[in-house]
1. Does Y69 satisfy the criteria of being open to solvent by less than 10 Å² (accessible area, probe 1.4 Å) and either under 30 Å from N174 (Cα atoms) or touching a residue at least 60 places away in the same chain (Cβ under 8 Å) (or both)?
2. Quickly run through the range 85-110 and pick out the residues that are of a type in the set (S, T, Y) and within 51 Å of the chain's Cα centre (by Cα).
3. Go through the range 113-146 and give me each residue that's of a type outside the set (A, V, I, L, M), touching a Ser or Thr at 6+ places or on another chain (Cβ under 9 Å) and under 30 Å from W172 (Cβ atoms).
4. State all residues of the range 451-493 that are polar (S, T, N, Q) and more than 18 Å from L264 (Cα to Cα); if no residue qualifies, say none.
5. Give the number of residues within the range 188-199 that are under 12 Å from L131 (Cα atoms) and either surrounded by 18 or more Cβ atoms within 10 Å (Cβ to Cβ) or small (G, A, S) (or both).
6. Just to be sure before I move on: is L108 open to solvent by less than 50 Å² (accessible area, probe 1.4 Å) and assigned by the TED database to the domain that holds D156 in the structure I sent?
Amino acid sequence: MCFEYRIAPSSYMRAVTCSSIETPNAPLDCPSLEKGDIYTQSEFLSRLANECRYDRLLLPTYKTGEVVYVHASAYVYFIQPAEAHDLNFKLHFLLQLRWTDARLAYSLYSPERQKIIGESDLRQRIWVPHLYMSNEQSSSLMGTDSKDVLISIAPDGEVLFSRRMQAVLYCWMNLQKFPFDDQRCSMNLESWKYNASILRLMWEKDNPVRLSSELHLTEYSLLDYWTNESVVRGDIVNMRQGGAGNYSALKFTFKLGREVGYYLMDYFIPSMMIVAMSWVTFWLQADASAPRITLGTSTMLSFITLASSQAKTLPKVSYIKASEIWFLGCIGFIFSALVEFAFVNTIWRRKKVVSLKKVNSKYILKSTLTPRLARKELQKEMQSSPQLSKSRSCSSLHQDASSDPNGPGYNNYLTVHSFPSALNLPTITTQSYDDLTGGRGRPGSEGSDEPKHTWTQMTPQEIATWIDKRSRVLFPLLFILFNIIYWTFVYCL
């Protein structure tokens, strides 16, 4: 209680009671809500959400202690998966939250008022649940001059909060089957301040997530999407004001399938053509070293350049990817073509005719792959050791046999004995075939039980050409088999 003294013109004093000033323990004088229809929306809202009757820092059910149920829905405008090495995606969506705040019910005070609609200024007057995206990299509200936030309050106190957002969210991709992979990315919404015993998040029962009819993806196709509700454990006490506990969470997950058309046209088909180009070397002559080396190295470098351009868009992961299996297979075929050229070129430069029991792959490869190192070492030993100077070499025996079919050396065989000396060098002696067989005669003669074999001879040039001709068929067949196994793996497993 206070008194105000004023001096009137008639020079007497008048005492006036200050009724507007109250003691600290007295309640505030709240503006009346009666006849609310006569007020404008802003005037009525200032009275309804006045601090004397409404505290925006408290839950709508702080008096009763009941759980506040917040229903959510989303309308997705745009999905843009980023490059694989970024492991994220961009999302444009409209998020709507719906809950009931009995303190804002005004049907008794303003029965003719349908809804109270406001934007960010209304957001500052009422209680709004604080949600955050746990897998968020960056996010922002969308809008030009003012942010796209819309709040409507129904007469029964139901609040509908809408905001249009863009967010870059993490998506931990599994790239083992790249570029034939399917990725599952999600948007995770969690309660920040209040745990699940106070606030529960729920998806709307009817159409919780809707997609825009103009939603189109470039590198991916949207295969499926779904929603679920869960409770997450929050152990960081200092970061959440509510302390440790279980917090309500919502998740919207969509399944994306990578479109392989781009990779087929820009990677797989060109790599097949490069591998086929490496087979042109089989139609060139074995001694054409310059063109065959140029063709092999150019195809190798071209394929490595093509593969490296694709690898730049991928993260460096420890496991092997399907694209790397294709790379190793193709590089193996190109490298094998180079090895085949080195093999046939080495055979082409040989001078001695090769005797074959039969003209087939077994005997031709056996004759060409048999090393001549043993013969060269034997000749060196014969030249260096005086004890072997009188022994006959393999070449001399072959010359005697070829020069005189009826001569004594025609049916000679080589027997190797070890020296008893410390040198332990082999000695070569000759022994006739009749001595070994006991006079039964040569193979193929009368009375012989052994079958007669016909031997043929091929020049090294003929052997090199024969290998090239077989490679023209073998390499394409093996590459077709590799493709069957590879494409079966990526699509069926």
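The values are calculated or read from the model by the stated rules, or taken from the named source; none is laboratory data. It should be emphasised that the depicted structure is a prediction, and the values quoted were computed from it without experimental measurement. Cβ sites come from the backbone with ideal geometry, for glycine too, and all protein chains shown count toward neighbours. These accessible areas exclude ligands, DNA and RNA; they are computed on the full protein's heavy atoms, side chains included. Shrake-Rupley method; radii C 1.70, N 1.55, O 1.52, S 1.80 Å.
1. no
2. From the range 85-110, those of a type in the set (S, T, Y) are 100, 106-107, 109-110; that's our starting set.
Scanning the range 85-110 gives a single hit, T100.
3. Result: P129, H130, Y132, N135.
4. T454, T456, Q457, T459, Q461, T465, S471 - these are the residues of the range 451-493 that are polar (S, T, N, Q) and more than 18 Å from L264 (Cα to Cα).
5. Result for the range 188-199: 7.
6. So L108 does not fit the description; no.
Residue-by-condition table, conditions (1) under 22 Å from Y247 (Cβ atoms); (2) among the polar types (S, T, N, Q); (3) over 17 Å from the mean Cα position of the chain (by Cα):
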{"residue": "T144", "(1), (2), (3)": "no, yes, yes"}
{"residue": "V149", "(1), (2), (3)": "no, no, yes"}
{"residue": "I153", "(1), (2), (3)": "no, no, yes"}
{"residue": "D156", "(1), (2), (3)": "no, no, yes"}
{"residue": "V159", "(1), (2), (3)": "yes, no, yes"}
{"residue": "S162", "(1), (2), (3)": "no, yes, yes"}
{"residue": "L175", "(1), (2), (3)": "no, no, no"}
{"residue": "R184", "(1), (2), (3)": "no, no, no"}
{"residue": "S191", "(1), (2), (3)": "yes, yes, yes"}
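For (1) touching a residue at least 40 places away in the same chain (Cβ under 8 Å); (2) touching a strand residue (DSSP E or B) at 6+ places or on another chain (Cβ under 9 Å), each residue gets a yes or a no:
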{"site": "S213", "(1), (2)": "no, no"}
{"site": "F254", "(1), (2)": "yes, yes"}
{"site": "T297", "(1), (2)": "yes, no"}
{"site": "L301", "(1), (2)": "no, no"}
{"site": "P315", "(1), (2)": "yes, no"}
